[in-house]
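K.L.:
Sending over a structure as structure tokens; questions will come in a sec.
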Amino acid sequence: MAAISKIATGNGHGENSAYFDGWKAYETNPFHPTDRPDGVIQMGLAENQLCFDFIEKWLMEHPEASICTAEGVSKFKETALFQDYHGIPEFSQAVAKFMGKVRGDRVKFDPDRIVMSGGATGAHEMVAFCLADPGEAFLVPTPYYPGFDRDLRWRTGVELVPVVCDSANDFKVTIDSLQSAYHKAQEANIKIKGLLITNPSNPLGTFMDKDTLKNIINFVNEKNIHLIGDEIYAATVFMEPEFVSISEVIEEVECNRDLIHIVYSLSKDMGFPGFRVGIVYSYNDTVTSCARKMSSFGLVSSQTQHLIATMLSNDEFIDNFVAESRERLFKRHKYFTWTLSQIGICSLKSNAGLFIWMDLRKLLKEKTFEAEMDLWRVIIDEVKLNVSPGSSFHCHEPGWFRVCFANMDDYSMEIALSRIRNFMVKNNETMVPPRNKLCRRTSLKLSLSRSLSRKMDDFIMSPSIMSPQSPLVQART
């Protein structure tokens, strides 16, 4: 049998990570409220499923957005025919406008710089191909999204050099940590071509303030390396202060704009990962030109472009959607972290994203990554929750876990929380804080004057629970 390529058969995909092992455990035994009530609940997938009713209502009111309806079929032929890699003009215009809107309209984006790709995965690989040669590297602050090892490294031959951040300062990126990582790379004869930041952060659920971004921009200018800003969670900021984009900061500081590049997508902010809408927005003309040519390998389908262009061009809908999404994320995050705090589980203070960075260091038998993996296996195999261990995010401190809270309905969330509660009781770790205190790292300073019963009343009366399809309603009837 003829051999196939080393790239295809190697470990570059990163599938052996515990991050992906958790997904496999879920896929083998997925939770279902009636068919598989003892199955694994998926809390390792950062999806935004809280506003689909809002989107479905708009789709019912605007059938012309789809070329597969009587109202939209007149656009079928022109949409089905060949589209070059520039895409449909209305699509680029709508995406550029949306990117500005979710950043508070404090900055405008040029539609001619919008380069599409097959999701953020394709966008990151495209940027890596454009900026670095095999063997060269990007700095990446830890903890970072496990998929970056696949997206930026697998087919490009580019390396990632971790910038170590720790819990002592809430995992903030500092100039000292950047300088240290840069100099270690130089000592190892690794050529650094750029710095990749995720802002808002996956997995932390935090974002960088303006001063930090200014320092980072000064750093890349001093080193003459590129800055890639992954901003795919920009519209998930659900609590003040407002999100600050790289695109805003470069308006205030002197910098070489040829070094600045943004990766965006609609997977998180709109909840459309299945549409595979990824965007590269570079301030470098050469990178924009090269990326556009490379986009031929991962274009967004013209049918999707048509739908997205129609939807994002509706200002009233987008304004209402962004506000509603933030409100629902805020409420879900607030309830989720509050409930965990009542059983002594703390998390990093956060105000963005679709997850929390949960602190289970006190449950480790010893302060090692082996102990973290032992605890993770118990959570997967016995508690039946797929949460992601911090080591899979290259965190340098054992005991942290990313837990996604926006990819499930209220009922599934309650089942998940009850499983966590039972696990803590079983392990004699229930430590209810005093009435006037919460965990030091709890996400919000909540008033404990509200009783848990009222929280449960709000939960029971929520629209998704009161729907006829809700397992709770079915159980009552």
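The values are calculated or read from the model by the stated rules, or taken from the named source; none is laboratory data. Small disclaimer: the values here were computed from a predicted structure and weren't measured. Positions of Cβ are backbone-derived with ideal geometry, glycine not excepted, and every protein chain shown enters the neighbour counts. Please note that ligands, DNA and RNA were not included when accessible areas were found on the heavy atoms of the full protein model with its side chains. Shrake-Rupley method; radii C 1.70, N 1.55, O 1.52, S 1.80 Å.
K.L.:
Once you order the gyration tensor axes a ≥ b ≥ c over the Cα atoms, which shape class does the stretch 64-313 get: rounded for a/c under 1.5, otherwise prolate or oblate by comparing a/b with b/c? Please list the in-between numbers first.
P.N.:
Working: a/c = 2.07, a/b = 1.64, b/c = 1.26.
It comes out prolate by the Cα gyration axes.
K.L.:
Hey, what's the chain come to in accessible area per residue, 1.4 Å probe, Å²?
P.N.:
Working: 21790 Å² over 477 residues.
Each residue of the chain exposes 46 Å² on average to a 1.4 Å probe.
K.L.:
Moving on to the next point. For the stretch 288-358, rounded, prolate or oblate, judged on the Cα gyration tensor with a ≥ b ≥ c (square roots of eigenvalues), a/c < 1.5 rounded, else prolate if a/b > b/c?
P.N.:
Working: a/c = 3.95, a/b = 1.91, b/c = 2.07.
Cα axes put the stretch 288-358 in the oblate bin.
K.L.:
At 7 Å along the Cα-to-beta-carbon direction for both M60 and V73, put a label point, then send me their distance in nm to one decimal.
P.N.:
With each label placed 7 Å out from Cα toward Cβ, I get 2.3 nm.
K.L.:
So, one more: In whole percent, and with a 1.4 Å probe on the protein chains, what portion of the accessible area of the stretch 123-197 is carbon and sulfur?
P.N.:
Exposed carbon and sulfur together represent 48 percent of the surface.
K.L.:
So, one more: Per the Kirkwood definition applied to all pairs of different Cα atoms, how many angstroms is the hydrodynamic radius of the stretch 217-294?
P.N.:
Details: mean 1/r = 0.0722 Å⁻¹.
In the stretch 217-294 this quantity evaluates to 13.9 Å.
K.L.:
Follow-up. Quick one: which residues, 5+ away or cross-chain, put their amide H under 5 Å from the amide H of I232? H built at 1.01 Å from N.
P.N.:
Residues meeting the criterion, in which the H sits 1.01 Å from N, are N199.
K.L.:
If I compute Cα extents along the principal axes in Å from the structure I just sent, which labelled value in (i) 118, 62, 47; (ii) 94, 67, 44; (iii) 64, 60, 59 lines up?
P.N.:
Of the labelled values, this structure produces (iii).
K.L.:
If I take every Cα pair under 8 Å that is 6 or more residues apart in the chain, average their sequence separation and divide by the length, what percent do I get for the relative contact order?
P.N.:
On the way: 839 pairs, mean separation 101.0, N = 477.
Rounded, it is 21 percent for the chain.
K.L.:
Quick one: ranking C51, C255 by accessible area, 1.4 Å probe, largest first, what do you get? Before the final figure, lay out each step's value.
P.N.:
Numbers: C51 5, C255 35 Å².
Descending accessible area places them as C255, C51.
K.L.:
Taking a ≥ b ≥ c as the square roots of the Cα gyration tensor eigenvalues, with a/c under 1.5 meaning rounded and otherwise prolate when a/b beats b/c, else oblate, which class fits the stretch 123-192?
P.N.:
Oblate, because a/c is 1.5 or more while a/b does not exceed b/c.
K.L.:
Assuming R0 = 41 Å, can you tell me the calculated FRET efficiency for the pair E187 and E242, based on Cβ-Cβ distance, to the nearest 0.05?
P.N.:
Details: r = 40 Å, r/R0 = 0.97.
E between E187 and E242, to the nearest 0.05, is 0.55.
K.L.:
Follow-up question, since we're still on this one. For the stretch 16-131, what's the relative contact order in percent, using C-alpha pairs closer than 8 Å and at least 6 residues apart? Working shown, then result.
P.N.:
Details: 64 pairs, mean separation 11.6, N = 116.
Taking the mean separation of contacting Cα pairs over the length of the stretch 16-131, I get 10 percent.
K.L.:
Largest first, what is the accessible-area ranking of I197, I7, I88 with a 1.4 Å probe? Mind showing how you got there, number by number?
P.N.:
Details: I197 0, I7 95, I88 25 Å².
Descending order: I7, I88, I197.
K.L.:
Separate question: For K97, go through the lysines and keep the ones whose alpha-carbon is under 21 Å away, minus same-chain ones fewer than eight residues off.
P.N.:
In chain and number order, the partners are K108, K268.
K.L.:
Related question: If amide hydrogens are placed 1.01 Å from N in the peptide plane, which non-local residues have theirs closer than 5 Å to the one on F355?
P.N.:
So F355 has HN proximity to F405.
K.L.:
Counting each DSSP H run of 4 or more residues in the chain as -39500 (n - 2.57), what helix-only mean residue ellipticity at 222 nm follows after dividing by all residues, to the nearest 500 deg cm²/dmol?
P.N.:
Numbers: 17 runs with 181 residues, N = 477.
Dividing the helical sum by the residues of the chain leaves -11500 deg cm²/dmol.
K.L.:
First compute the accessible area of the stretch 203-245 with a 1.4 Å probe, then give the percent of it belonging to carbon and sulfur atoms. The partial results should precede the final answer.
P.N.:
Working: 600 of 1480 Å².
Looking at the stretch 203-245 in its full context, I get 41 percent from C and S.
K.L.:
Could you please put R326, R377, R150 in sequence from largest to smallest accessible area, using a 1.4 Å probe?
P.N.:
R377, R326, R150
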